[in-house]
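A.B. asks: Starting off with a structure, shown below.
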Amino acid sequence: MLRPLAIALAVGTLMATAAATAHAAHTIVGMGEQSPEMFQDPRFHATGIRNARLLVPWNVIKEGGWPLTAADLWLQRAHRDGIEPLVSFGHSMDPKRQRKLPSVRQYTAAVKAFRGRYPWVREFSTWNEANLGSKQPTGRHPRRTAVFYRALKKHCRGCKVVAVELLVTSNWRMYRWIHAFRERAGGGRLIFGLHNYPDVTRLVGIRTRNLLRRVRNAEIWITETGGIVRHRNFKYDENRADKVVRHVFKLVAALPRVTRLYLYNWQYDGNVRWDSGFLGQDGTERKAYFALLDGLALDRFKPLPAPIEDPVVAPAPEPAQPGPTP
């Protein structure tokens with residue numbers, strides 16, 4: 001027979017488990033992909049995924065060229081197919097400007113231009129991997145990045161804005177960067193986007209869990225993660241990528257605060273420096289593709305059905321007008 005203390009502990013455990021389960025009722029799964037060809041693939045639509053992430057230069061409208069052409073086509077197809085885009089801003093693609101930090105006025109003007117061109121886009125991220133000093137001009141300027149966030153929020157009222165996307169490391173500089181950013185970002189509950197490759201490629205989660213433990217009063221999205229098939233530090237290995245994708249789902253399933261999960265990427269594009277595609281360059285499904293399908297079959301990650309839109313009734317045609325008398 002159970003003693004009262006044991007019964008109380010058992011009931012408390014069950015209630016805590018139920019509360020955690022209720023809080024983690026669902027995590028939206030999205031796909032990070034730069035190629036608009038993903039939207040032409042029926043296998044992508046068959047997954048049921050309704051969210052996708054696109055990375056663009058912060059000044060993509062002014063810079064023009066192929067990044068703007070690609071963004072136009074990508075966003076046009078996403079809009080056509082009812083896919084909700086998360087647009088993440090990053091450094092310029094001009095080699096001479098990649099490490100140059102824009103002024104607040106320049107960033108604000110770029111946001112206004114983007115909103116003017118794509119007014120239906122309602123989800124944004126202020127800056128991609130903003131704490132990465134070796135690649136991003138924001139790496140040594142967390143307070144300026146916070147002002148970018150405030151400008152983006154101001155000029156996209158009603159939008160869902162990821163305050164900043166972070167490459168998750170165990171380095172103390174990351175936490176100092178976050179602290180400075182939060183001091184300048186103002187009040188309110190922020191959304192942080194995490195890129196946790198340093199964890200998942202090693203099949204661990206210590207850095208991710210530590211960040212969640214130390215960064216309170218914030219919503220957490222994982223806006224880029226996945227299994228690397230080939231990289232300059234990794235030889236080609238589909239089995240490794242398969243294990244990593246399965247680990248990602250297992251890790252996030254144990255983290256009730258993670259409300260979105262974007263995996264990268266749909267199809268390998270031939271870039272010899274990075275390959276994390278669920279499909280090969282020839283379109284062949286890799287092992288990680290089936291790991292993705294298995295993850296999406298779990299209740300926590302199962303895609304929600306697409307919303308049923310009201311049918312659009314075409315206006316009645318105007319009566320034909322009599323032609324001119326010959």
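Please treat every number below as a calculation from the coordinates, not as lab data. Not measured: the values here are computed from a predicted model. Note that we place each Cβ from the backbone using ideal geometry, even for glycine, and neighbour counts take in every protein chain shown.
A.B. asks: Given the range 45-296, what percent of its DSSP beta bridges are antiparallel, to the nearest 5?
C.D. replies: Details: 4 of 31 bridges.
Around 15 percent of the beta bridges assigned by DSSP in the range 45-296 are antiparallel ones.
A.B. asks: Same structure again: Where the only charges are on Cβ atoms (+1 Lys, Arg; -1 Asp, Glu), what is the dipole of the range 45-296 about its Cα centre, to the nearest 20 debye?
C.D. replies: Working: 46 positive and 20 negative charges, 284 e Å.
That gives a dipole near 1360 debye.
A.B. asks: Name the residue from ILE206, LEU55, VAL147 whose Cα lies farthest towards the positive end of the charge dipole of the range 45-296, charges +1 on Cβ of Lys and Arg and -1 on Cβ of Asp and Glu.
C.D. replies: Comparing the listed Cα positions along the dipole, VAL147 ranks first.
A.B. asks: Roughly speaking, what is the stretch gain from ARG257 to HIS45, that is 0.36 nm per residue apart minus the C-alpha to C-alpha distance, in nm to one decimal?
C.D. replies: On the way: separation 212, 0.36 × 212 = 76.32 nm, distance 2.69 nm.
Length gained between ARG257 and HIS45: 73.6 nm.
A.B. asks: Sum up the charges of everything whose Cβ sits under 9 Å from the Cβ of PRO85, counting Lys and Arg as +1 and Asp and Glu as -1, but leave PRO85 out. Write out the running numbers ahead of the final one.
C.D. replies: On the way: positive: ARG53, ARG122; negative: GLU84, GLU123.
My count for the surroundings of PRO85 gives 0.
A.B. asks: Sticking with this structure for a sec: What are the lysines whose alpha-carbon lies under 24 Å from the alpha-carbon of LYS243, with same-chain residues fewer than 8 places away excluded?
C.D. replies: Cross-link targets: LYS235, LYS287, LYS302.
A.B. asks: Return the long-range amide H neighbours of GLN267 (sequence gap of 5 or more, or a different chain), with a cut-off of under 5 Å between placed amide H atoms.
C.D. replies: Long-range HN contacts for GLN267: PHE278, LEU279.
A.B. asks: Considering the chain, what Rg and Dmax in Å follow from its alpha-carbon atoms?
C.D. replies: Just the Cα atoms of the chain yield Rg and Dmax of 22.4, 105 Å.
A.B. asks: Then there is this: Which ³J(HN,Hα) values, rounded to whole Hz and listed in residue order, are derived for the range 197-212 from phi using the Karplus coefficients 6.51, -1.76 and 1.60 in 6.51 cos²θ - 1.76 cosθ + 1.60 with θ = phi - 60°, glycine and proline given as x?
C.D. replies: 3, x, 7, 5, 5, 9, 6, 10, x, 5, 5, 4, 5, 4, 5, 4
A.B. asks: Taking the Cα centre of the range 191-238 as origin and charging only Cβ (+1 Lys, Arg; -1 Asp, Glu), how large is the dipole, in debye to the nearest 20? Mind dumping the intermediate values first?
C.D. replies: On the way: 9 positive and 5 negative charges, 58 e Å.
That gives a dipole near 280 debye.
A.B. asks: Hey, another quick one. Considering the dipole of the chain built from charges on the beta carbon (Lys and Arg +1, Asp and Glu -1) around the Cα centre, which of ALA163, GLY283, PHE124 is farthest to its positive end?
C.D. replies: Of the listed residues, the answer is ALA163.
A.B. asks: Return the long-range amide H neighbours of ARG53 (sequence gap of 5 or more, or a different chain), with a cut-off of under 5 Å between placed amide H atoms.
C.D. replies: MET31, GLY32, GLU33, LEU86
A.B. asks: Continuing with the same structure: In terms of the Cα gyration tensor, with a ≥ b ≥ c the square roots of its eigenvalues, is the range 127-252 rounded because a/c is under 1.5, prolate because a/b exceeds b/c, or oblate?
C.D. replies: On the way: a/c = 2.01, a/b = 1.86, b/c = 1.08.
Cα axes put the range 127-252 in the prolate bin.
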